[in-house]
Amino acid sequence: MINDKKVLYSGMQATGNLTLGNYLGALKNWLTLNEEYECFWGVMDLHSLTVRQVPSEFRKNARNLLILYIAAGLDPKKNCIYFQSHVSAHAELAWLLNCFTYVGELNRMTQYKEKAAKHADNVNAGLFTYPVLMAADILLYQADYVPVGKDQKQHLEITRDIAERFNAIYGDVFTIPEPYFGKGGTKIMSLQNPEQKMSKSDENVNGSIYLMDDPDTILRKCKRAVTDSGSEVCYREDKPGVSNLLEIYASCAGKSIEEAEKEFAGVGYGEFKTAVAEAVIAVLKPLQDECSRLQKEKDYIDALIKENDEKAAYFANKTLRKAKKKLGLTEVR
Ligand code: ATP
Ligand code: LTN
């Protein structure tokens, strides 16, 4: 508990361009959580290093992700928005937790297996211990809840296992976190292959709408989206392409799927796709404008970063000190 509120922790990797899937499935659902919880949102730049980054681009991407959190509507005075790498307790606790994590457990992580297959030329130890760093992120803030997509469920389970193992030996050091599913965040699928999730690392750029895509690009991608040979706009299992577009439309226009289906009854696919594109543009355009505005407010952003880094470090160091003491690491007074 912090300020009588339960703690919520999450973040995204500062890798490449975020997609509409990241926004509708994650970020958009985070905006009001601070009313009920004490919220920490990390820019997970240490996790990004598991894949080779070009320093100049990486620096920009990480800062832009922090700006995007704010532009999307996370109030930086009420939410702690900070860079993972600015709080050294993350790396330090990750080391301690490495000594309480079994190689066999890490070997079972599906994300590791997938990423190792994808980056066969760079299967580094960081990729293998990625879940341990993620456990450190969460446990440092004594988080009660972690809002993440289903793909991260296994990482949350290993976090709980590590914390329970540590607590069983040393007493109540860490809060055991639970996943937070909230009001059903949507899962957005690729526009080119609606059986597969929309992903920022997809090689087919036409499958993903990036948050910084301009209106013409969004319209083109929506027009090219894979549908089916039928003509009815309805949400059905055998119509994954149309259903995905309906999901995108409903989520962007703030309507239910049923309302959207009614609206497009008797409307052809062409007209429907244009309406989807317009709804997406109406959501992304203000977000893009706010990002460009904030990018120019260098002093304001720098001051926020400093303030939030300090706040994060305060809570993180408190937990780190407790864990080190329990382990018997000596302190200098
Ligand atoms: P990558 O392609 O590099 O694995 P990603 O696009 O899957 O990345 P992550 O950084 O792994 O994105 O995820 C950030 C957050 O966005 C997570 O909470 C994840 O569940 C959510 N998310 C990612 N893609 C989608 C999607 N298509 N629909 C809904 N939520 C998504
Ligand atoms: N692996 C996460 C990003 C992440 C995270 C975390 C999420 C790193 N550390 C701690 C929640 C809590 C992902 O969504 N790809």
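The values are calculated or read from the model by the stated rules, or taken from the named source; none is laboratory data. Just so it is clear, the model here is predicted, and its values are computed rather than measured. When we count neighbours, we look across all protein chains shown, and the Cβ atoms used for this are built from the backbone with ideal geometry, even at glycine. With ligands, DNA and RNA removed, areas are computed over all heavy atoms of the protein, side chains included. Shrake-Rupley method; radii C 1.70, N 1.55, O 1.52, S 1.80 Å.
At a 1.4 Å probe, what is the % contribution of carbon and sulfur to the accessible area of the range 1-94? Taking all protein chains in place, the range 1-94 shows 48 percent carbon and sulfur surface. Rounded to two decimals, what ratio of Rg to Rh does the chain give with C-alpha atoms and a Kirkwood Rh? For the chain, the value is 0.99. Of all DSSP beta bridges confined to the chain, the antiparallel ones make up roughly 15%. Length gained on full extension, Asp214 to Glu195: 4.3 nm, using 0.36 nm per residue less the C-alpha separation. Multiplying the residue separation of Asp161 and Lys118 by 0.36 nm and subtracting their alpha-carbon distance yields 12.8 nm. On a C-alpha basis, how far is the centre of the range 38-114 from the centre of the range 150-196 in Å? Whole number, if you could? The range 38-114 and the range 150-196 have Cα centres separated by 15 Å. Amide H to amide H distances under 5 Å link Lys197 with Ser190, where only residues 5 or more positions off or on other chains count and H is placed in the peptide plane. Overall, the accessible surface of the range 261-333 at a probe of 1.4 angstrom is composed of carbon and sulfur to the extent of 54 percent. Treating r as the C-beta distance of Ser292 and Ile169 and R0 as 45 Å, the FRET efficiency rounds to 0.30. Reducing the range 201-240 and the range 296-333 to their Cα centroids gives an inter-centroid distance of 43 Å. Counting only protein heavy atoms and using a 1.4 Å probe, the accessible area of Lys28 comes to about 80 Å². Accessible surface computed residue by residue for the chain, with neighbouring protein chains in place and a 1.4 Å probe, gives 49 Å² per residue. Relative contact order, whole percent, for the range 186-291 stands at 27, derived from Cα pairs under 8 Å and 6 or more residues apart.
Taking all protein chains together, Lys239, Lys322 sort by accessible area into Lys322, Lys239, largest first [probe 1.4 Å].
Its residues counted as N, the range 61-102 yields a C-alpha radius of gyration over 2.2 N^0.38 Å of 1.56.
With K and R counted +1 and D and E -1, the other residues having a Cβ less than 13 Å from that of Leu8 yield a net charge of -3.
Normalised size of the range 270-333, defined as Cα radius of gyration per 2.2 N^0.38 Å with N residues, equals 2.13. Estimated from the Cβ-Cβ distance and a Förster radius of 25 angstrom, the FRET efficiency linking Arg52 and Asn17 is about 0.90.
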